[in-house]
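A.B. asks: Sending over a structure as structure tokens; questions will come in a sec.
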There are 2 protein chains.
Amino acid sequence: MDNNSIFIEKLRSSGLRPTKQRLKICKLLFQRKETFHFTVGDLSKILKHKFKEKISLATVYNTIHSFKKKGYLKEIAINSDKTYFDTNTSDHHHFLDVTTNELIDLDDKDVKKVSIIKKIPGKKIKSIEVLVKIENNN
Amino acid sequence: MDNNSIFIEKLRSSGLRPTKQRLKICKLLFQRKETFHFTVGDLSKILKHKFKEKISLATVYNTIHSFKKKGYLKEIAINSDKTYFDTNTSDHHHFLDVTTNELIDLDDKDVKKVSIIKKIPGKKIKSIEVLVKIENNN
DNA sequence: AGAGTAATTTATAATGATTCTAAAGTAGTG
DNA sequence: CACTACTTTAGAATCATTATAAATTACTCT
């Protein structure tokens, strides 16, 4: 069973029809060892280069949003006008290199546990995200 | 010496001319006990209500950016299309209430120290920001 | 395989935040 | 007061993202 069939199955079992466009995007996003951090604009450009047939920008946006809703992608909060996504959906944190604007994954084991002492009545913690900004040594 | 004179002096010593507009924005931002989290759009609306004379949106943007550059404001990274600013420029973290989209300050003493174990050669840590997302207990 | 339907894709328009522009106004200096 | 550099301003421009509505495609049921 090749990757394509796996993607088709996965999509179908998520209630998403396995269209040509979605399969291409799956290939690009999930057929890689390393985590991938991207904006929808980035992704659209890469798709254009990699495949001959073009995928409409609107479709890329739609797809990324469905994937996010299904939990296959994570949105990342960094200081920016652009929205970044991450193929690593596990609980983890990030380095942001402010010199190059590059994002680097930070495993849970790379961060000593963060404990929040303050409590807000009626509220519960949903997630704890650590963003470590780094820059060049001068 | 009233607050206004203090603002005038502060602005001048930062190399910023104390204009009517900047002084009004200073009053609104810095004459308060509590930290203030806002977008430029928010601020513009509040200014419109509080003062009779209108301040152009472009001016509000310009001013906020100068203040940020001078270190009087901090930009906050939250998952959004909008850019948030914070009058608390000290090292601190935030709760983001995803139900109401409200931001709440988290003192350093409310967070047990975060230590980053991973090192990147040639890079040094500039800041560590923790964003704790909270939601209603169901 | 063909027909019917609901989901999907698409180009394009619309939106909304932010930045740019260039002209008019203002503060600081002498 | 006059000069110059800094500011403000309205409006246009830009850029990411979302909405729209028509055309296309996937799936189901015969």
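The values are calculated or read from the model by the stated rules, or taken from the named source; none is laboratory data. These figures come from a predicted structure and were not determined experimentally. Glycine gets a Cβ as well: all are built from the backbone with ideal geometry, and neighbour counts include every protein chain shown.
A.B. asks: Please work out if A:Asn62 is of a type in the set (S, T, N, Q) and under 14 Å from the mean Cα position of the chain (by Cα).
C.D. replies: Taking the combined requirement at face value, the residue does not satisfy it.
A.B. asks: Filter the range B:109-129 down to residues that are in contact (Cβ under 8 Å) with a residue 12 or more places away in the chain and within 26 Å of A:Asn138 (Cβ to Cβ) and give me whichever is surrounded by the fewest Cβ atoms within 10 Å (Cβ to Cβ).
C.D. replies: The initial filter retains those residues of the range B:109-129 that are in contact (Cβ under 8 Å) with a residue 12 or more places away in the chain, namely B:110-111, B:114, B:116, B:127-129.
Those still in the list that are within 26 Å of A:Asn138 (Cβ to Cβ) too: B:114, B:116, B:127-129.
On the way: B:Val114: 18, B:Ile116: 17, B:Ser127: 13, B:Ile128: 20, B:Glu129: 21.
My answer is B:Ser127.
A.B. asks: Is one or more of the residues making up the range A:89-103 closer than 30 Å to A:Tyr61 by Cα and either basic (Lys, Arg) or in contact with a Ser or Thr (Cβ under 6 Å, 6 or more places away or on another chain) (or both)?
C.D. replies: Within the range A:89-103, not a single residue is closer than 30 Å to A:Tyr61 by Cα and either basic (Lys, Arg) or in contact with a Ser or Thr (Cβ under 6 Å, 6 or more places away or on another chain) (or both).
A.B. asks: Which residues, counting only those in the range A:84-98, are touching a helix residue (DSSP H, G or I) at 6+ places or on another chain (Cβ under 7 Å) and either surrounded by fewer than 16 Cβ atoms within 10 Å (Cβ to Cβ) or at the interface with chain B (Cβ under 10 Å from one of its Cβ atoms) (or both)?
C.D. replies: Matches in the range A:84-98: A:Asp91 only.
A.B. asks: Being farther than 16 Å from A:Asp42 by Cβ and within 13 Å of chain B (Cβ to nearest Cβ) is the filter here; which residues of the range A:56-83 pass it?
C.D. replies: Scanning the range A:56-83 gives A:Ala77, A:Asn79.
A.B. asks: Still on this structure, I have one more. Only one of these is more than 30 Å from B:Glu129 (Cβ to Cβ) and either touching a Gly at 6+ places or on another chain (Cβ under 9 Å) or modelled with pLDDT of 95 or more (or both): A:Leu23, A:Leu29. Name it.
C.D. replies: Answer to the selection: A:Leu23.
A.B. asks: If you don't mind, there's one more thing I want to ask. Please go through the range A:25-73 and give me each residue that is loosely packed, with under 11 Cβ neighbours inside 10 Å and within 15 Å of DNA strand D (Cβ to nearest atom), ordered by number.
C.D. replies: Listed by number, the residues that qualify are A:Lys52, A:Glu53, A:Ser56, A:Ala58.
A.B. asks: If you check A:Leu103 against the conditions, is it assigned by TED's automatic domain parsing to the domain that holds A:Cys26 and touching a Phe, Trp or Tyr at 6+ places or on another chain (Cβ under 8 Å)?
C.D. replies: So A:Leu103 fails the test.
A.B. asks: In the range B:99-117, what count of residues is obtained for those that are at pLDDT below 85 and within 9 Å of chain A (Cβ to nearest Cβ)?
C.D. replies: 11
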